[in-house]
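Read through the structure below, which is laid out as structure tokens, and then see the notes.
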Amino acid sequence: MSSYRTLHMTPVALFVEFERPIRAAQKADRETKKQARLDAMQINREGVEARLLRAIEGPRQLQEVMTAFWFNHFNVFAGKGLCHLWTASFEETAIRPHTMGRFRDLLGATARHPAMLFYLDNWQNSAPASGKGRFEGINENYARELMELHTLGVNGGYTQQDVTTLAHILTGWGLVKPGKMGGGRFRPVDPSGFYFDPERHDFATKTFLSHTIRGTGVGEIEQVLDILSRHPSTARHLSYQLAQYFVADAPPQPLVDRMAQRYLATDGDIRAVLTTMFDGPEFFDPRYYRAKFKTPYEYVISSVRATGTNVTNFRPLAGTMQLLGMPIYGCLTPNGYSNTQEAWLNPDAMMMRLSFATALGTGNLPLEAPQFEADGTPNNRGYVTRTGKARMIAIPDTDRPGRKMEVPDAARVAMTLGGAFSPATSGAIEAAPANMHAAMMLGSPEFMMR
Amino acid sequence: MKTFESTLRLDQCSGAISRRDFVKRAMMAAGCGVVLIGSNGWAARAMEGDASRKRIIVVFLRGAVDGLNVVVPHGEPAYYDARPTLAIGARGGEGGVIDLDGFFGLHPALAPAMPYWKDKTLAFVHACGSPDPTRSHFDAQDYMESGTPGIKTTGDGWLNRVLAAMPGNHPSTEALSLGPTLPRILSGKMPIANMPLGRAAQRPMPMDRPIVGVAFDRLYEGNDPLSQAYKDGRASRSRLMGELAQDMKEADGGAPAPNGFNEDADRLARLIQRDPTIRVAFLALGGWDTHVNQGAATGQLANHLKPLADGLAHLASALGRSYDDTVILVISEFGRTMRQNGNGGTDHGHGNVMWLMGGPVRGGHVYGRWPGLSTANLYQERDLAITTDFRDPISLVLMRHMGLDASSVGRVFPNHPISTGSIGNLVSG
């Protein structure tokens, strides 16, 4: 992980090193402009690679699954403006340390991270008549999603008035102005990029979800995050999301209820809620065994894990997720990707998945190829860019295996999957040519589910 | 072994589109929720009569085109005051506007579209746009595609909802998107045929090899949802290979391949001719974000407008008789500042102009209430104000042309009461 330099940089340092040259090159020639943008691609490339590497090889798999879950829950999109600088940092510093801790800490960390502040516009949210231009007036975006998506849920019992009030509470909660991120001799800035601007904050006393909020500034925001994270609607909403992710598209209500009770009893201890879920009889009920159709992300990761390939080049994996409609850091909307079968099972997706399974299972994906071009320059195709698009990579179609990866051993794949196949599946695999066996295991109906 | 990357980049802010080698390239259904159009399904559908053939094509100009230099208010002195070097001259002839009605004039690079203005199948709605105040490309495009300005969590796009709202069964895929990824405007429950362009798109995939396909056929021969999806996917792929072969044949024996938007227009028109079940189609063009050196009668913007007008004219003529049943909408996320900036360009603004073209359009007229360009009349004292919500002209098209009733239109644009005051005559029924 230490080789991913940008992963360990502060938001301000990322801005200074990568965004300033892009701005400085605005009026420069085409080549200079292009180079500045290419340089900045290092951030998303490293972020996506680090995510994939840990998901494939990380020893603590639950931690990796929870990172993907919470990132998606607090989704930010690398293609919106400055978010290309900060999305990977958001995952590394706001999500990853808190995935199994207290929800309140997770919520607080996401609320202060520049990626979230920029993505949902709160950095511009200003008390009426306090700011000019882009800082003119109230912006409700973050306030709304904070309740609808991050905490209470859409039917969590709040009103439009609560959204407006919360937006007023959140005024001035934002970023070091991008133009000042480099600091000056007499102007050191917070390297986290967070800045609370009292000049743009509404200090009036407010009533929010029946609580009185006195105009104290930053303290108000900490107070509402406390209120939201302890709310019974939040307990229900998060429990439902977790149970849907781990158990079934329509999770059993008694399980959700017990998880919500546990959440409230432990003041939002995520580990405790997960334990309740894993210990519940529903979790081992045969009805919910292999009840989830894998998302493209889960399908790609689990396939590579099953083959034991030592991946050095992650582009084909990032590119396949792009082809399947689930690029990492590429979800536009704040509600994140769905994880239901309805969202992901369709004819075209099946053809893509099986093509991927074939390319991987017959040793035709360049996964063990060098990460960089022969001249040492990085190849960014397949990774999400600062405008949110990734260049498409086709799944290679050839029958000359083993050139850029070791051909997976069918016996090993079979062993990893542990006799999961029905007699029909086993029969079909045995009837196929031997060099297709690993591919067919990866492409089997059983392996599409988890 | 080689992997193949697309040559196409659709940069939503600044990159121009390069779409060479397109006609000779094959297509491939890609992305989530996407299946190939049923090119053999037309025979049954064509029997249903004219009503089933009506369609809309949406062309999205990503990056915010400068509407004030597309349909120029040459009767407004304030326009010339605000744009010393960017304004298009009021007088006709070299470098001047092509007068439309004595007050508005067309950018001279758009001359190829004039025949359609004259035969009254091209209309504009000026001072049109999305009521949300955002000046972010990302947010504004998102709102214009979801059809719900100000609401970020809408999961699907309005063009997809149009399909869902249309009466009757939907036996085959009725929507077509040209471009590398499934656009927001078409995402949703109804299946979409997506045709990425470029080299990645032309490659066959492993599933197309008989030995691979036959092996997997045995894994998915049941009636469960996975097998069902699998079988549909296999059928689509084989149709696709047929399309591919046909296109190669046509391209080899045919006229020289046109470039850019013309290629897409050509492809789109041919697909519509071949498959009348297509009810909605979408494509996007980039390169409109002219912050620097925008140019006036010639220059950067003109260089993008000329191919746009060429392509639209090409599309109209290639559609042949189908043009009578087609409405083409040209939209962009917001307009640009009335005043030029210090770099010979314009910045992100608000109101813009919408184009409507096609047989059912009552053209030869600039619709909408013109708010004026004096400072007091500008939006936030800097941009063209919006007097027509972009959803209103589209709603009219959906009702009069596509035959949706009011409640269906309400599902396409929820929580938006339709107001058609100044645009009531825009489309014939």
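Points to keep in mind about this one:
- Filter result (within 13 Å of another protein chain (Cβ to nearest Cβ) and either over 19 Å from residue B:139 (Cβ atoms) or not in a loop (DSSP other than H, G, I, E, B) (or both)) within the stretch A:138-154: A:141, A:142, A:143, A:144, A:145, A:146, A:147, A:148, A:149, A:150, A:153, A:154
- Failed item in (1) in contact with a helix residue (DSSP H, G or I) (Cβ under 8 Å, 6 or more places away or on another chain); (2) not charged (D, E, K, R); (3) not in a helix (DSSP H, G or I), with residue A:241 passing the rest: (3)
- Within the stretch A:422-433, residues that are under 13 Å from residue A:445 (Cβ atoms) and facing chain B (nearest Cβ under 7 Å) reach partners that are assigned to a loop (DSSP other than H, G, I, E, B) and modelled with pLDDT of 95 or more with beta carbons closer than 7 Å, at six or more positions or on different chains, in the pairs A:425/A:444; A:425/B:219; A:428/B:218; A:428/B:219.
- Count of the stretch A:192-205 residues which are in a loop (DSSP other than H, G, I, E, B) and surrounded by fewer than 15 Cβ atoms within 10 Å (Cβ to Cβ): 2
- Selection count where residues are among the aliphatic types (A, V, I, L, M) and free of Cβ contacts under 8 Å to residues at least 12 places away in the same chain, scope the stretch B:72-113: 0
- Failed condition for residue B:57, given (1) in contact with a Ser or Thr (Cβ under 7 Å, 6 or more places away or on another chain); (2) not in a strand (DSSP E or B): (2)
- Residue-level analysis places residue A:427 among those that are outside any loop (DSSP other than H, G, I, E, B), more than 24 Å from residue A:43 (Cβ to Cβ), modelled with pLDDT of 90 or more and not basic (Lys, Arg).
- Check on residue B:197, crowded, with 24+ Cβ neighbours inside 10 Å, under 29 Å from residue B:279 (Cβ atoms) and either of a type in the set (A, V, I, L, M, F, W, C) or modelled with pLDDT under 85 (or both): yes
- Selection within the stretch B:143-172 - in a loop (DSSP other than H, G, I, E, B) and of a type in the set (S, T, N, Q): B:148, B:153, B:154, B:169, B:172
- So residue A:330, is it of a type in the set (Gly, Ala, Ser) and either closer than 18 Å to residue B:182 by Cβ or within 8 Å of another protein chain (Cβ to nearest Cβ) (or both): yes
- Residue within the stretch A:84-101 that is farther than 24 Å from residue A:264 by Cα and among the aromatic types (Phe, Trp, Tyr) present: yes
- Per-region count, the stretch A:279-312, residues under 23 Å from the mean Cα position of the chain (by Cα), part of a helix (DSSP H, G or I) and surrounded by fewer than 17 Cβ atoms within 10 Å (Cβ to Cβ): 1
- Filter result for residue B:374 (without any contact (Cβ under 8 Å) to a residue 24 or more places away in the chain and surrounded by fewer than 23 Cβ atoms within 10 Å (Cβ to Cβ)): no
- When we screen B:349, B:368 for residues that are buried (at least 22 other Cβ atoms within 10 Å of the Cβ), touching a His at 6+ places or on another chain (Cβ under 7 Å) and not hydrophobic (A, V, I, L, M, F, W, C), the only hit is B:368.
- For the stretch A:434-447, a residue qualifies if it is over 24 Å from residue A:296 (Cα atoms) and more than 10 Å from chain B (Cβ to nearest Cβ), and exactly one does: A:434.
- Look at (1) surrounded by 18 or more Cβ atoms within 10 Å (Cβ to Cβ); (2) more than 23 Å from the chain's Cα centre (by Cα); (3) not charged (D, E, K, R); (4) not in a helix (DSSP H, G or I) and you find that residue A:276 fails only one, number (4).
- As for the stretch A:368-385, it holds at least one residue that is of a type in the set (D, E, K, R), at the interface with chain B (Cβ under 10 Å from one of its Cβ atoms) and in contact with a Lys or Arg (Cβ under 8 Å, 6 or more places away or on another chain).
- Filtered residues of the stretch B:89-135 (kept if touching a strand residue (DSSP E or B) at 6+ places or on another chain (Cβ under 8 Å), assigned to a loop (DSSP other than H, G, I, E, B) and farther than 21 Å from residue B:310 by Cβ): B:90, B:101, B:103, B:130, B:131, B:135
- When residue B:366 is tested against (1) more than 17 Å from residue B:423 (Cβ to Cβ); (2) out of contact with any Lys or Arg (no Cβ under 9 Å at 6 or more places or on another chain); (3) away from chain A (no Cβ under 14 Å), exactly one condition is not met: (1).
- Subset of the stretch B:212-241 (residues that are at pLDDT 90 or above, in a helix (DSSP H, G or I) and facing chain A (nearest Cβ under 7 Å)): B:212, B:215, B:216, B:225, B:226, B:230
- Residue within the stretch B:121-140 that is among the charged types (D, E, K, R) and more than 22 Å from the chain's Cα centre (by Cα) present: no
- Residue A:325 being part of a loop (DSSP other than H, G, I, E, B), facing another protein chain (nearest Cβ under 7 Å) and crowded, with 24+ Cβ neighbours inside 10 Å: yes
- Filter result for the condition that a residue is out of contact with any Lys or Arg (no Cβ under 6 Å at 6 or more places or on another chain), surrounded by fewer than 21 Cβ atoms within 10 Å (Cβ to Cβ) and modelled with pLDDT of 95 or more, over A:69, A:18: A:69
- Every pair of residues 6+ apart whose Cβ atoms lie under 6 Å, when the first sits in the stretch A:276-290 and is farther than 12 Å from residue A:255 by Cα while the second is surrounded by 14 or more Cβ atoms within 10 Å (Cβ to Cβ): A:288/A:247; A:288/A:248; A:290/A:449
- The stretch A:89-114 residues that are touching a residue at least 40 places away in the same chain (Cβ under 8 Å), paired with ones that are of a type in the set (Lys, Arg) (beta carbon under 6 Å, 6 or more apart): A:100/A:271
- Candidates in the stretch B:385-429 are the residues that are part of a loop (DSSP other than H, G, I, E, B) and among the small types (Gly, Ala, Ser); of these, the one that is surrounded by the most Cβ atoms within 10 Å (Cβ to Cβ) is B:385.
- Single residue of the stretch B:100-139 satisfying the filter (among the acidic types (Asp, Glu) and within 23 Å of residue B:386 (Cα to Cα)) that is nearest to the other protein chains (Cβ to nearest Cβ): B:139
- Selection status of residue A:329, at positive phi, modelled with pLDDT of 95 or more and touching a helix residue (DSSP H, G or I) at 6+ places or on another chain (Cβ under 7 Å): yes
The values are calculated or read from the model by the stated rules, or taken from the named source; none is laboratory data. Not measured: the values here are computed from a predicted model. Quick reminder, even Gly has a Cβ in these numbers, built from the backbone with ideal geometry, and neighbours come from all protein chains shown.
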